[in-house]
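Worksheet: the structure to be examined is printed underneath.
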Amino acid sequence: FSTTVAWVAETLGLPGIDYSTALRSRDKALMRRVLDQAGVLVPPFRVYENLRPADVDSFDEIPFPAVVKPVDNMGARGVRRVGSRSELDSALRAATKESRSGRVICESFIPGREYSIDAISYDGTVHPCGLADRHITFPPYFVEIGHTIPSALSVPRKECLERGFISAVHALGIDPGAAKGDVFLVPRGDAPQWLISRAAEGRIEQRNAEDLVVVGEVAARLSGGYMSGWTYPLSRGFEPTRAALRIAVGRDPGPIVETRSRFSAERGIVSIPGRIDRFDGVDTYGDEVDTLFLTRSPGQPVALPTSNVEKCGNIIVTGDSFVEACEKADRLRHRIGVRLAPANHETELFLFSVERPILTVWDGDPAHAGPNLPTRSRELEDRAARKLDALLNAGAAGSSTFDRPDGANARVRDREDEQESPDETGPLMPIIDELRREYAEAEGADGSGRDIRAATRFHCLDCFLRRSQKLGQFEVDAELATATLFLAIERGGIQALDYLIDTISEDRGWEKLFDRIRLIRRC
């Protein structure tokens with residue numbers, strides 16, 4: 001809304017930036033052009049309008065990998081990384097759908113770490129209010145799964161980032177008002193050739209710098225995503241929104257002084273595709289969590305996020321150190337279980353389709369997903385898919401019957417959740433034993449094949465034994481059930497396992513599930 005606010009303020013003679021400043025701070029193509037002309041380091045870019053190159057003064061060749069994004073949207077909607085020209089057309093079409101004007105920008109990918117800065121600009125001076133580490137995940141998309149503030153960067157590097165950001169704010173003319181920037185710090189040794197060349201052209205304070213500061217974008221507003229309103233005040237005590245509101249009514253921003261020294265971390269709660277049945281663990285936090293937002297409700301559809309607006313919720317915590325805040329946020333985030341409604345086509349399409357999901361191998365941790373996943377995990381998924389196809393084509397179903405034994409003795413382990421341990425003699429042991437053999441064989445007896453997913457796999461097996469007591473008596477082909485669980489664990493982790501147990505229980509057995517999987521694999 002920054003352009004609307006600026007137009008109204010300018011028309012009525014109210015305090016704030018003028019409309020032209022707001023426009024070039026909102027339109028990414030105008031912004032790139034202004035910053036480039038001012039000597040601020042930005043990536044090479046090209047503008048497309050209705051899928052055709054639109055600007056004669058933009059770059060003819062864009063070094064790949066590149067990023068495609070709408071010029072006039074936010075929250076990472078329509079933003080996607082492309083590795084080569086062959087991927088460009090589909091990315092342009094997707095981004096164009098998210099653009100009100102039909103204009104899209106394609107720019108070279110910036111390889112460094114990304115940071116967020118909020119600032120108050122007043123009377124010719126830009127006052128940075130906070131620098132946060134952004135945690136970007138889900139390639140080829142750019143989803144911020146969370147941020148941590150203040151940044152773990154050293155003081156010289158923080159100052160380097162702030163100087164680059166301040167140069168961009170001045171170049172855009174944001175004064176008086178608020179500014180929010182996404183900036184990248186790229187060590188010179190890791191910089192691609194286009195970045196080295198542009199820095200050598202005399203960009204602002206970059207010619208001989210050890211670390212290169214590249215401006216992603218600058219908006220004439222404070223940040224969304226809980227930084228300006230929650231994590232920064234929780235960690236530093238100062239409220240940027242208060243200063244911005246004072247400016248908006250014609251007063252000075254007041255003292256910009258930090259009164260607290262804490263670390264604050266925000267993390268998103270995400271889900272595989274489906275429809276939410278309920279949230280587990282929401283009421284078990286006590287005062288460990290500073291703030292918990294649930295942005296979805298039971299009954300609503302949910303998808304694995306490709307932008308910042310598709311999460312199920314956000315959790316905010318504080319700590320005495322950067323590491324403590326991060327570990328606490330990640331631990332508490334994993335306590336919340338997004339339980340999906342059973343027998344859902346979208347969930348089963350994600351777990352069992354022949355064409356892999358864009359983000360395969362998911363266990364609730366975005367660091368464990370994406371194209372850079374270890375080769376071992378991809379091999380396991382391929383192996384499970386081939387076995388599942390062979391069994392489905394052979395028509396395997398209902399060849400073995402397992403009955404739950406009465407009076408099975410349950411042992412209590414020293415577990416954090418104090419749940420009963422699985423019944424090691426129960427009806428599902430043939431399936432569990434087969435899964436264990438599969439994993440042991442695939443990962444190597446000496447552990448050499450284990451990757452970041454190994455702990456999650458065996459946690460899934462333990463979870464399956466504990467939770468499957470509710471299944472009661474059922475008929476199932478053990479080999480087919482093993483392949484089904486194998487693929488679901490690889491693609492959906494604990495959440496997929498919960499979905500399968502709920503579906504089998506409420507759908508009255510495995511056979512209906514196998515029939516739906518058979519249709520999905522054939523399609």
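The values are calculated or read from the model by the stated rules, or taken from the named source; none is laboratory data. In this text the structure is predicted, and so the values were computed from the model without any measurement. As a convention, Cβ positions derive from the backbone with ideal geometry for all residues, glycine included, and neighbour counts pool all protein chains shown. Note: accessible area is taken over every heavy atom of the protein model, side chains too, but ligands, DNA and RNA are not part of it. Shrake-Rupley method; radii C 1.70, N 1.55, O 1.52, S 1.80 Å.
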ask   = So what are the ³J(HN,Hα) numbers for the stretch 253-261, from phi and the Karplus equation (6.51, -1.76, 1.60; θ = phi - 60°), rounded to whole Hz, Gly and Pro as x?
value = x, x, x, 9, 10, 7, 10, 9, 10
ask   = Can you work out the FRET efficiency for the pair Asn393 and His459, with r the C-beta to C-beta distance and R0 = 30 Å, to the nearest 0.05?
value = 0.45
query = Going through the stretch 1-92, which chymotrypsin sites (Phe, Trp or Tyr not before Pro) have at most 10 other Cβ atoms within 10 Å and a DSSP loop state?
reply = Phe1
Exceeding the 24 Å Cα-Cα cut-off - candidates Lys387/Lys512; Lys28/Lys328; Lys28/Lys97; Lys69/Lys311 = Lys28/Lys328
query = Rounded if a/c is under 1.5, else prolate if a/b beats b/c, else oblate: with a ≥ b ≥ c from the C-alpha gyration tensor eigenvalues square-rooted, which is the stretch 178-311?
reply = oblate
note = Computed ³J(HN,Hα) along the stretch 121-137: with the Karplus parameters 6.51/-1.76/1.60, θ = phi - 60°, integer Hz and x for glycine or proline, the list is 10, 8, 6, x, 10, 9, 10, x, 9, x, 10, 10, 6, 9, 10, 9, 9
inquiry  = Quick check on packing: order 479-488, 98-107, 81-90 by the mean number of other C-beta atoms within 10 Å, highest mean leading.
reply    = 479-488, 98-107, 81-90
ask   = Ranked from highest to lowest mean number of other Cβ atoms within 10 Å per residue, what is the order of the peptides 279-285, 61-67?
value = 61-67, 279-285
task = Determine ³J(HN,Hα), in whole Hz, for all residues of the stretch 265-281 in sequence, where each value follows from phi through the Karplus function 6.51 cos²θ - 1.76 cosθ + 1.60 and θ = phi - 60°; x replaces Gly and Pro.
result = 10, 10, 9, x, 9, 10, 8, 6, x, x, 10, 5, 8, 6, 10, 9, x
task = Order the peptides 34-40, 209-215, 494-500 from the highest to the lowest mean number of other Cβ atoms within 10 Å of their residues.
result = 494-500, 209-215, 34-40
inquiry  = Within the stretch 7-141, what whole-number % of the accessible surface is contributed by carbon and sulfur, with the 1.4 Å probe and all protein chains included in the calculation?
reply    = 50 percent
ask   = Residue separation times 0.36 nm, minus the C-alpha to C-alpha distance between Val282 and Ala248: what's the value?
value = 8.4 nm
ask   = Rounded if a/c is under 1.5, else prolate if a/b is larger than b/c, else oblate: which is the stretch 95-227, with a ≥ b ≥ c the root eigenvalues of its Cα gyration tensor?
value = rounded
Estimated inter-spin distance, Asp320 and Ala303, nm [label 7 Å along Cα→Cβ] = 4.5 nm
ask   = Given H placed on each backbone N at 1.01 Å, which residues far from Arg80 in sequence or on other chains put an amide H within less than 5 Å of it?
value = Val68
